[in-house]
Structures are given as C-alpha cells and as structure tokens.
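Trainee: Below is the structure I would like to discuss, written out as structure tokens.
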Amino acid sequence: MALIVLPREPIVQFLTPDTYNALTMTDHDTPTEVPIDPAQIGPVLVAWQRRSGRQDLPWQRDRSAYRVWVSEIMLQQTQVATVISYFERFIARFPTVSALAAAPIDEVLHLWTGLGYYARARNLHRAAQHIAQHFGGEFPRQFADVAALPGIGRSTAGAILALAYDERQPILDGNVKRVLGRVFAIEGNASQRSVEQRLWTLAEACTPAQDVATYTQAIMDLGATVCSRRNPGCALCPMTAQCLAHVAGRQHEIPAPKPRAARKARPARSCWWLLPIDDAGRVLLERRPERGIWGGLWCPLQFDTPTAAESYARQRFAVEPAALETLGTIDHAFTHFDLSITPLLLQAVAAAEARDVVRDVAMEPSGVLWYNPRDGAIRVGLPAPAKQLLDALLGQTFEPSRNSPYG
Ligand code: SF4
C-alpha cells in the first residue's frame, strides 16, 4: 500500500496515546507514516458521487471546457442554487467563447448584475478575447495555457481540465481544503503557506488516475453539502472510516481559524448617491472606473460627503439642498469593508440640463447615461444595491439574485 508521509507532530497533538500508537510508527524522530492510503479516497468518493452527488447541474449537461469554465468562475464565492439561473442566461446569450469575446463588456456585466465580484466577469471577457485571438476561439487544452488566462488560478485550471476532459489534475478550492484538512487531520489554516503546500501534496496524491471528473465533482460536492465548515455532517459522509478528524472527534476544530494576524478589521465607509430623475422617469448614472469597486458598472453619481452632493446639484441643476430628498440608508458589505450609502433623490430634472454632464473627477472611461430600466435596449451592469434602489424607485422587478451583500 502506498502511504503518504506526513510529519508526525500534528497527529501527536490530538490523538490519544492508544489511537496514536495504532496509527503511527513508534520512532518519534522520523516522519510518521499515516495509514491513510490516498488511493482509497478516490474510489470511495467516486462511488458516493454516483450514488448521492449532484448529477444534473446545467454545466454537467453538454459538458465542454467553456461551460465548465463559466460555471467555475460563477461558483467562486457563490452558491450553486444562485448560480444556476445566471449560468443559463449567460450561456443562452453567449453560447461560445467567440460569442463572449465579441460582446460589449456592458452586456457581460448586465448579465452579471446581482452576482457580485464583478472582476470575475471582466476577467471572463478578457480571457475570452485572449482565447479568440490566440487559440482561434477554442478553449486551450494545456494546463499552462489555461492557468495563464485572466482570473484562472491553479485550482480553477485543474478543475476545468479535470471536469471537462477527465484529465488527472488536482484541485484545491476552499471546500477541498476543508475536506482534505479534516481527512488527514492537518493542523493550521490554509492561509499559511506551509499548510497550503501540504494540502496541495495531498490533493495530488488523492486524485485518481481514472474517473477524475467524477472524483473532482465528488470532493467539491462533499465539501459544499456534507463536510460544511460549521456543521460537518459526518453521519452522512462516506469518509468516516478514513477521516482522522472524525476518528478523533475533532471535526469542529479542523481546520483551525485563520491566525489573528491574517484577520483584518473591517473598516466602515460612507458615501452619498445623487439620483437626478427626469420627467420621463429616467435616472442619471455614471460609469465607475475600471479599477476599484464595481469597476465598469453603472452607478448613481457618488460623493464622499452630502455637502459635495449638494454643491454639485446646485451647480449642475440649479437646485438648493432643500430640493433633495434623503432616502433610507443602504448598508452594503464588501469583502474588506462595510459601505453605508445614503441616496439623495432629485425629482423632475429636465434631461437637457444634464445632457452634457461631466464629472470633475477622474473617471475612465468617462460616461453618463440617462437610464430607464424599462428600456430593454439598454443593457448595462449595475451593482446590486443600485439595481435594488432603482427597481424600488422606478418600479422594475428585480431579477433573481442571491441577495448577497457582495453585489
Ligand atoms: S467524516 Fe466528517 S469531518 Fe470527515 S470528511 Fe466526512 S463530514 Fe468531513
């Protein structure tokens, strides 16, 4: 039996002496062979996937590298249930890499509205253009070519090749890190480089030579649906016989939380949105800079202070602050900070007054738009809080979204 060699220290820390002796060699000065044969993991998970795993997700049908790629990018930071409708709309509009490459970025962001983490959409678009230019529109087959595409790291490249072509490539997304960390009782947190390297070694050792696509789907699904972070469902898990954390009753302690130094405080920020609405019920939006939050999306005019918003309204629309109606604050959580948005409504502005609105700030590319959400011809990307606010103000039904704080 091929055994994987792990340093003994992590095991010593939690096993009782009897269990430890049963699991390890007695020479404490040498690395310990943990009697988990990585080759056992694949067949167990493949059998579980065929029995209990998800088999009919949209990207599992008509499987292609392009469809798997789009799904993998959408699934980063987002639940399967939320992704399904977004995936179907996206693929219906952009059925091929070439169709995506040829589309305007506004339309790509429009179909991403509400899904959050918009850099994913911009990277998809950029990568599609790269594939169209350098690979004739065919998704590349070589790992190095896939991993070099914008927005694709080592794990995502492995997942695409494994799921689309059954190619033996390990993956190590957040769910897989948790499963392998528990099964092999890896101490520490994957944010630590040494821990991540050990997990990659384990991921490589566990990936079978056959049924790679099924195995890859299985270990991702097990982490997402059974071996969850807070409540691992060991009673439903096919790995109880192999899982060292389960054997030791430590599944709630592994993986360890991030070290304190790696955890950052979440700052709170505020901004004010000025919402000029014209007689036709259209609202003035401006395009966000490519870099920064909501890059490339269309947003109400944003100011750091209410005074700045009032001053702008006075200069541009010749209205006094009393004409602005302050609406309820919107709280929005980004990954690294919380944003409090106060909308200021300015009704019945004549569009002509703002036809040549240009902000006195560096916006690239600059652009303003009188936006009517009922006009289906205007397809642009909006941040979730902007879309929710405009829907509430202008009476448009909000499209399905995960109601995420990350929109
Ligand atoms: S036995 Fe429990 S802790 Fe171990 S992999 Fe399964 S669900 Fe996770």
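Trainee: Among the basic types (K, R), outside the structural domain of D338 (by TED's automatic domain parsing) and in contact with a helix residue (DSSP H, G or I) (Cβ under 8 Å, 6 or more places away or on another chain): is that true of R230 in this structure? Write out each step before concluding.
Mentor: Values: among the basic types (K, R): yes; outside the structural domain of D338 (by TED's automatic domain parsing): yes; in contact with a helix residue (DSSP H, G or I) (Cβ under 8 Å, 6 or more places away or on another chain): no.
The answer is no for R230.
Trainee: Within region 320-346, how many residues turn out to be assigned to a loop (DSSP other than H, G, I, E, B), of a type outside the set (D, E, K, R) and out of contact with any strand residue (DSSP E or B) (no Cβ under 7 Å at 6 or more places or on another chain)? Before the answer, list the steps.
Mentor: Just the residues of region 320-346 that are assigned to a loop (DSSP other than H, G, I, E, B), to begin with: 320, 324, 327-329, 334-337.
Right, trim to of a type outside the set (D, E, K, R) and you get 324, 327-329, 334-337.
If we keep only those that are out of contact with any strand residue (DSSP E or B) (no Cβ under 7 Å at 6 or more places or on another chain) as well, we get 328, 334-336.
Residues that pass the stated criteria total 4.
Trainee: Find the residue count for region 347-401, including only residues that are part of a strand (DSSP E or B) and either modelled with pLDDT of 75 or more or of a type outside the set (G, A, S) (or both). Steps first, answer last, please.
Mentor: Initially, region 347-401 is screened for residues part of a strand (DSSP E or B), giving 347-349, 368-371.
Filter once more, keeping what is either modelled with pLDDT of 75 or more or of a type outside the set (G, A, S) (or both): 347, 349, 368-371.
Result for region 347-401: 6.
Trainee: With the requirement that a residue be within 21 Å of the chain's Cα centre (by Cα) and modelled with pLDDT of 95 or more, what does region 181-196 give you?
Mentor: E196 - this is the single residue of region 181-196 that is within 21 Å of the chain's Cα centre (by Cα) and modelled with pLDDT of 95 or more.
Trainee: Scan region 63-75 and give yes if some residue there is modelled with pLDDT of 95 or more, in contact with a Leu (Cβ under 6 Å, 6 or more places away or on another chain) and outside any helix (DSSP H, G or I), otherwise no.
Mentor: no
Trainee: Looking at P38, P95, P104, P43, which one is out of contact with any helix residue (DSSP H, G or I) (no Cβ under 8 Å at 6 or more places or on another chain) and in contact (Cβ under 8 Å) with a residue 60 or more places away in the chain? Spell out how you get there, then give the answer.
Mentor: On the way: P38 fails: out of contact with any helix residue (DSSP H, G or I) (no Cβ under 8 Å at 6 or more places or on another chain); P95 fails: in contact (Cβ under 8 Å) with a residue 60 or more places away in the chain; P104 fails: in contact (Cβ under 8 Å) with a residue 60 or more places away in the chain.
Exactly one residue qualifies, and that residue is P43.
Trainee: Checking the conditions here, which among W59, W69 is assigned by TED's automatic domain parsing to the domain that holds A205 and among the aromatic types (F, W, Y)? Give the steps one after another, and end with the answer.
Mentor: Details: W69 fails: assigned by TED's automatic domain parsing to the domain that holds A205.
After ruling out the rest, the residue left standing is W59.
Trainee: Looking at G188, G233, G153, G223, can you tell me which residue is at negative phi and touching a residue at least 12 places away in the same chain (Cβ under 8 Å)?
Mentor: Numbers: G188 fails: at negative phi; G233 fails: touching a residue at least 12 places away in the same chain (Cβ under 8 Å); G153 fails: touching a residue at least 12 places away in the same chain (Cβ under 8 Å).
So the residue among G188, G233, G153, G223 that is at negative phi and touching a residue at least 12 places away in the same chain (Cβ under 8 Å) is G223.
Trainee: Here's something else I'd like to know. Are any residues in region 188-200 part of a helix (DSSP H, G or I) and more than 16 Å from the ligand (Cβ to nearest atom), and if so, which ones?
Mentor: Matches in region 188-200: R193, S194, V195, E196, Q197, R198, W200.
Trainee: Still on this structure, I have one more. What's the number of the only condition in (1) near the ligand (Cβ under 9 Å from one of its atoms); (2) at pLDDT below 95; (3) surrounded by fewer than 16 Cβ atoms within 10 Å (Cβ to Cβ) that Q242 fails to meet?
Mentor: Condition (3) is where Q242 drops out.
Trainee: Would you confirm whether any residue within region 209-222 is near the ligand (Cβ under 9 Å from one of its atoms) and under 25 Å from Q79 (Cβ atoms)? Give the derivation first.
Mentor: Step one: of region 209-222, the residues near the ligand (Cβ under 9 Å from one of its atoms) are 222.
Pick out the ones that are also under 25 Å from Q79 (Cβ atoms) and you get 222.
Scanning region 209-222, I find at least one residue that is near the ligand (Cβ under 9 Å from one of its atoms) and under 25 Å from Q79 (Cβ atoms), so the answer is yes.
Trainee: Next question, about the same structure. Looking at the structure I just gave you, is A218 touching a residue at least 60 places away in the same chain (Cβ under 8 Å), crowded, with 21+ Cβ neighbours inside 10 Å and of a type in the set (G, A, S)? Quick ask: steps written out before the conclusion?
Mentor: Values: touching a residue at least 60 places away in the same chain (Cβ under 8 Å): yes; crowded, with 21+ Cβ neighbours inside 10 Å: yes; of a type in the set (G, A, S): yes.
Spelling it out, A218 is indeed touching a residue at least 60 places away in the same chain (Cβ under 8 Å), crowded, with 21+ Cβ neighbours inside 10 Å and of a type in the set (G, A, S).
The values are calculated or read from the model by the stated rules, or taken from the named source; none is laboratory data. Worth saying up front: this structure is predicted, and the values here are computed from it rather than measured. Virtual Cβ from ideal backbone geometry, glycine too; neighbours counted across all protein chains shown.
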